[in-house]
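Chemist: Take this structure, written in structure tokens, and hold onto it; I'll ask about it next.
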Amino acid sequence: MKAKVVITDYVWESLDVERKTLGDLAEIVALKTKKPEEFLSEARDCDALLNTYAGPITAEAMAGMPRCKIIARYGIGVDTIDLDAATQAGIIVTNNPSYCIEEVAEQTMALILASARKIPFYDRMVRNGRWEVPPGKPIYRLAGRTLGLVGFGNIARAVAVRAAAFGLAVLYSDPFVKEGQFKVPGRAVDLDTLLRESDFVSLHPPLTPQTRKMIGEDAFGKMKRTAFLINCARGPIVDTDALVRALDARKIGGAALDTVDPEPLPDPHPLRGRDNVILNPHVAWYSEQAMAGLQAGAPGEVRRVLSGEWPLNVVNRAVKAKNRAGL
């Protein structure tokens, strides 16, 4: 008898990849839901759950899936899944940590450049019939300025290499990375030093209880008044209300945000319509190549588990001792 795999939600046109990867092992039930109550009726007897955005997947939701052996996230972040509850329940949780490293690093650099050169501002001005340089003054060259990376994981290190090529000095703050651990540009400093010295502060930590709203009133008070905040990580790492207050009080120079909190950003919202704020709709992960990698990763992990193999990218490693799959 075939296993049952439920896809909670997906953002691509075809499920050919899933069918090719799992078709001989599993019956696939594809849904387009947003909340557990919308997918649990189908998932109550599933052997595996493929998940994009739908959530949060709580202990209560997991209790409604007593046969589920693996929750495989298509993306990198697992902040919508209760990992402790999954471990207690014996459910393996996997993610897809490498499908969009290049894309997010490129987007981060693009936002740094767009902020520094005021490209969106000038574009809007020209569209409105004005052809002038002075309204965008002052602009400073990137070479010799400082980029601070909060978190120094795969994406941040890819940003560091790109930033150094533009002549930026790179600082990073990450409690899990030792000085010199990676052969890429960057000097390790504490977070306070990074905030005080950086002309661009770019956020790259995972969203955890410790990092939620870590960039708030206190952080904005330490940043340079000319500094730009760049966020291609997760919106809730920034205290949105504190960011609005910092912009109103001109405590910082501006912000370039691919991710915000809440998401999508309501209209109207006080972050919208500002000349010194760039907003994108959580698009940093996307390229055609990344989309292919995104779609292929999670079904591959499910196939491994259903075939009796340990998956490659397990997030809750403590589950090894008592996983339902008996691996």
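Each value in this text was obtained by applying a stated rule to the coordinates, not by laboratory testing. It should be emphasised that the depicted structure is a prediction, and the values quoted were computed from it without experimental measurement. All Cβ positions, glycine included, derive from the backbone under ideal geometry; neighbour counts span all protein chains shown.
Chemist: Could you go through segment 135-143 in sequence order and give the Karplus-derived ³J(HN,Hα) for each residue, using 6.51 cos²θ - 1.76 cosθ + 1.60 with θ = phi - 60°, rounded to whole Hz, and x for Gly and Pro?
Modeler: x, x, 5, x, 10, 10, 5, 6, 4
Chemist: What percentages, rounded to whole numbers, describe P(r) for segment 55-185 computed over all alpha carbon pairs with 5 Å bin width beginning at zero?
Modeler: All Cα pairs, binned at 5 Å, distribute as 2, 9, 14, 13, 12, 11, 11, 9, 8, 6, 4, 2, 1 percent.
Chemist: Simple spin-label model, 7 Å along Cα-to-Cβ: A321 to E217 in nm?
Modeler: Result for the modelled spin labels: 4.1 nm.
Chemist: Taking the convex hull of the Cα atoms, report for segment 217-303 its projected area averaged over all directions, in nm².
Modeler: The Cα convex hull of segment 217-303, projected and averaged over all directions, gives 7.2 nm².
Chemist: Right, something else. Return the distance in nm (one decimal) between the two label points of a simple spin-label model at R67 and A143, each offset 7 Å from Cα along Cα→Cβ.
Modeler: Here the answer is 6.5 nm between the modelled labels.
Chemist: Per the helix-only calculation at 222 nm, which mean residue ellipticity applies to the chain, given -39500 (n - 2.57) for every DSSP H run of n ≥ 4 and division by its residues, nearest 500 deg cm²/dmol?
Modeler: My calculation for the chain gives -9500 deg cm²/dmol from helical runs alone.
Chemist: So for K20, K137, fewest C-beta neighbours within 10 Å to most, what's the order?
Modeler: The fewest-first ordering by Cβ neighbours comes to K137, K20.
Chemist: Looking at H269, Y74, A156, which one has the Cα that reaches farthest to the positive end of the dipole of the chain (charges on Cβ: Lys, Arg +1; Asp, Glu -1)?
Modeler: Looking along the dipole axis, the top candidate is A156.
Chemist: With only alpha-carbon atoms in the gyration tensor, what are the semi-axes of the equivalent ellipsoid for segment 101-279, in Å, largest first?
Modeler: 25, 19, 15
Chemist: Could I ask something else about it? Treating only the Cβ atoms of Lys and Arg (+1) and Asp and Glu (-1) as charged, compute the dipole magnitude of the chain about its Cα centre; round to the nearest 20 debye.
Modeler: The calculated dipole for the chain is roughly 800 debye.
Chemist: Same structure, new question: In debye, nearest 20, what is the charge dipole magnitude of segment 101-279 about its Cα centre with +1 on Lys and Arg Cβ and -1 on Asp and Glu Cβ, if you could check?
Modeler: Taking the Cα centre of segment 101-279 as origin, the dipole is about 620 debye.
Chemist: Separate question: Tabulate in residue order the Karplus-calculated ³J(HN,Hα) for segment 119-131, using 6.51 cos²θ - 1.76 cosθ + 1.60 with θ = phi - 60°, rounded to whole Hz; enter x for Gly and Pro.
Modeler: Whole-Hz 3J(HN,Hα) from phi for segment 119-131: 5, x, 4, 5, 4, 4, 5, 5, 4, 8, x, 9, 10.
Chemist: Suppose R0 equals 25 Å; then what is the FRET efficiency for D16 and E309 from their Cβ-Cβ distance, rounded to the nearest 0.05?
Modeler: Working from the Cβ atoms, E equals 0.60.
Chemist: Would you please give the residues with an amide H less than 5 Å from that of T226, counting only those at least 5 places away or on a separate chain, with H modeled from the backbone geometry?
Modeler: Those lying under 5 Å, H to H, from T226 are G253.
Chemist: Oh, and also: Any of K32/K322; K69/K322; K2/K69; K224/K251; K4/K32 with alpha carbons more than 19 Å apart? Name them for me.
Modeler: Beyond 19 Å between Cα atoms: K32/K322.
Chemist: Given a Förster radius of 45 Å and the C-beta distance between D45 and E102 as r, what FRET efficiency does 1/(1 + (r/R0)^6) yield to the nearest 0.05?
Modeler: 0.70
Chemist: For each of R157, R127, R67, R324, count neighbouring Cβ atoms within 10 Å of the residue's Cβ, then give the residues from fewest to most.
Modeler: R127, R67, R324, R157
Chemist: Treat each spin label as a single point 7 Å out from the Cα along the C-beta direction, and report the F166 to Q210 distance in nm.
Modeler: Spacing of the two 7 Å Cα→Cβ label points: 2.9 nm.
Chemist: May I pose another question? With +1 on the Cβ of every Lys and Arg and -1 on the Cβ of every Asp and Glu, and nothing else charged, how large is the dipole of segment 202-289 about its Cα centre, in debye rounded to the nearest 20?
Modeler: Once rounded to the nearest 20, the dipole reads 400 debye.
Chemist: Among W12, W285, W131, rank each residue by its count of other Cβ atoms within 10 Å, from fewest to most, as a rough exposure measure.
Modeler: Fewest-to-most Cβ neighbours within 10 Å comes out as W131, W12, W285.
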